[in-house]
Amino acid sequence: MWTIFWRTLKDRRILLLIYTLSSIALLWMYIALFPSFKDQSASLEALIKNYPESFLKAFNFDIKSFTTLEGYLATEQFSFVWPIMVIFMTIGFSGSALAGEIEKGTIEILLSQPISRAKLFFSRYLAGLLMLILFVIFSVFSVLPLSLAYNISFSSENFMTMAVLGLMFSAAIYSIGIFLSSVFSDKGKVFFISGGLLVGMYVLNILSALKENLSDLKYFSFFYYFNPAKALIYQQIDPWAYGVFLGVTFVLTTLGLIIFSRRDIAT
Amino acid sequence: MPIIEVKNLKKYFGKTRAVDDISFAVEKGEIFGFLGPNGAGKTTTIRCLLDFLRPTSGKINILGLDANKNSDQIKHKISYLSGDVRLYDGWTGEDHIKFLEALRGQKSIAEKLISDLNFNPRMKFKNLSSGNKQKLGLILALMFEPKLLIMDEPTLGLDPLLQNKIYEILDKFQKKGTTIFFSSHNLAEVDRMCDRVGIIKDGKLVAIERISELKEKRMHTVKVYFAGPFNRDEFTFENTKIIKDLPEGLELGVKGDINLLIRKLTNFNIRELEITHATLEDIFLEFYEADGQNKNSQPYADREQNDLMAIPKLE
């Protein structure tokens, strides 16, 4: 099992490096620009106050979005660019992990070895999960040395909260991808369905903030529970986020394992 | 104890009966050919043996163990080679070999096979020719000296030189006790390699025969040239049919006892007589036309000999 695990990590290391370095480069840029934003925080605050409340809610803007490093990064990096990177990375990896192998026919060499399907599933699953953990750690905690380099004060506890929230959010998306990858024999379907599902969730969250009568729709969206502004500015995670993200991760991973172990695999 | 024992295996995909109630056994040290055209159910059967597909019903035992419940235990002792080897594009042959050695925690005879097959293990899989890809597949299948080797059309698209090299290596492994089960639609290959053959048609096993017994089915082609007048209608009876008219003669197909025809011929003045055994291809095609379902085929005795000889693959 660990042979496949390590080999998977080895094969994906360049991809992980590209995602992580891109994320760090973006962070570096935002942190380098932060002092000039802070200088104009009074006018930005006034500007934000003029926006409709529902708009601010929909896009996770907070009054402290430009006055503190945490708020600024929550808005600029962790509410938009970072989730997109996580989604691309997790769906890309999960689609290739099982469905991609079936599509290319390389699964045959693995299935003809003395390893159970459950071990094969977990070796791929855990390799992807470790990649996610590494990405979250580097892409969140690299803020600390970068902030020190630019003499910007920060609260490391808040970034720890952000890392926990980010990890749960990533794991839930990853479990959707792995589940679909266990069901289908074509990674294109995994990308299409999981991408569609996440876009749908994003739209639901925006709609729920814009219209009062649609507000309950937010509960069906990961993007309601994934609130970087709350995590970074107030060091808070919605209590329901634990249940939703961890529940989805557990249920879909278990279902994926059961389906992959029982299904016919024909390349 | 048979190495492979298949009992009443059925595999349906919805309403499609890919494999329909087949039973057979393969004994230790045997080379068993699984013969049939594309879509007959060969690959589905192999995938059930390897537990890639789960049977709709029926039982498969390999090395005395249940092929589904004990799949990973069985796979310590068996190997698989597909005719269309698909491996990791970015890995070299060496990467694949080391990966499998680490996965199994076993030493292998890969180096010897590399030298026997004159294979370069340092090239990436994506840069290998189809022949070299197949060589790598064969090395990976044989490097742990399996007790049972399962192959799905292993020489598909390979040049005759490489085919022969593969046959030589497989012969050596059989002599060392490896049981070989392989599917093919190449009759020459089956003739060259197998002890026994199972013939599958539309998901059903229509015959299991020793190659030697198949050849003894006494199908003959008779070319007769007459020195005097003859009535061609007299040569269509019981087991004899006219294949074609020859100048002052006939080409006849005979199934079974040839003495009936010989006795008939004694009534005529013969100038020249040529009797040849039917090939394995002729015999194989007999199974495929038995119930007349194969619309593209004609009964043996109605087919021209040239056509029979020109069917290396039944696609």
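Any read-out appearing in this document is the output of simple, stated calculations on the displayed coordinates, not a laboratory observation. Fair warning: this is a prediction, and the values are worked out from it, not measured in the lab. Cβ sites come from the backbone with ideal geometry, for glycine too, and all protein chains shown count toward neighbours.
Using the count of nearby Cβ atoms within 10 Å as a rough guide to exposure, how do A:T90, B:T266 rank from fewest to most? Don't jump to the answer; show the numbers that get you there.
Numbers: A:T90 27, B:T266 8.
In order of increasing Cβ crowding within 10 Å: B:T266, A:T90.
From the Cα gyration tensor of segment B:84-135, with a ≥ b ≥ c the square roots of its eigenvalues, which class applies: rounded if a/c is under 1.5, or else prolate if a/b is larger than b/c, or else oblate? Could you put the intermediate results ahead of the total?
Working: a/c = 2.00, a/b = 1.28, b/c = 1.56.
It is oblate, given that a/c is not under 1.5 and a/b is not larger than b/c.
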Exercise. So for B:T221, B:T179, B:T236, B:T45, fewest C-beta neighbours within 10 Å to most, what's the order?
Worked result: B:T236, B:T221, B:T179, B:T45
For this session: Report, in whole Å, the centroid distance computed from the Cα atoms of segment B:182-221 and segment A:74-148.
Result: 49
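Show me A:33-41, B:134-142 ranked by packing, highest mean number of other Cβ atoms within 10 Å first. Working shown, then result.
Values: A:33-41: 13.7, B:134-142: 25.2.
In descending order of packing, they fall as B:134-142, A:33-41.
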Seminar exercise, completed: At the level of C-alpha centres, the distance separating segment A:177-195 and segment B:96-137, in angstrom, is 32
Problem set entry | Rounded to 5, the percent of DSSP beta bridges in the protein assembly as shown classed as antiparallel | 70
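Set the Förster radius R0 to 56 Å, insert the Cβ-Cβ distance between A:K10 and B:K204 as r into 1/(1 + (r/R0)^6), and round the FRET efficiency to 0.05.
Working: r = 47 Å, r/R0 = 0.83.
Result of the calculation: an efficiency of 0.75.
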Exercise. With labels modelled as points extended 7 Å from the Cα through the Cβ direction, what inter-label distance (nm, one decimal) is found for A:K49 paired with B:N120?
Worked result: 7.4
Seminar exercise, completed: Per the C-alpha gyration tensor (a ≥ b ≥ c, the square roots of its eigenvalues), chain B is rounded if a/c is under 1.5, else prolate if a/b beats b/c, else oblate; here it's prolate
For this session: Determine the dipole magnitude for the protein assembly as shown: charges of +1 sit on the beta-carbon of Lys and Arg, -1 on that of Asp and Glu, nothing else is charged, the reference point is the Cα centre, and the result goes in debye to the nearest 20.
Result: 1180
Seminar exercise, completed: Most packed first (mean Cβ within 10 Å per residue), the peptides A:140-148, A:176-184, A:117-125 order as A:176-184, A:117-125, A:140-148
Problem set entry | Angle between chain A longest axis and helix A:187-210 axis [Cα atoms, degrees, rounded to 10] | 30
Seminar exercise, completed: Per the 1/(1 + (r/R0)^6) rule, R0 = 30 Å and r from the Cβ atoms of B:D21 and B:H76, FRET efficiency to 0.05 is 0.50
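Taking each residue in A:101-113, count the Cβ atoms of any other chain within 10 Å of its Cβ, then average. What number comes out?
Working: counts 2, 1, 0, 4, 5, 6, 2, 12, 13, 3, 8, 14, 11.
Whole-number average of other-chain Cβ neighbours for A:101-113 is 6.
Which value at 222 nm does the protein assembly as shown reach when only helices count, each DSSP H run of 4 or more adding -39,500 (n - 2.57), with the total divided by all residues and rounded to the nearest 500 deg cm²/dmol? Could the numbers behind the result be given before it?
On the way: 25 runs with 295 residues, N = 582.
The helix contribution divided over the protein assembly as shown gives -15500 deg cm²/dmol.
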Exercise. A:F37 label point, 7 Å along Cα→Cβ, cut-off 16 Å on backbone N: hits in segment A:199-234?
Worked result: A:228-234
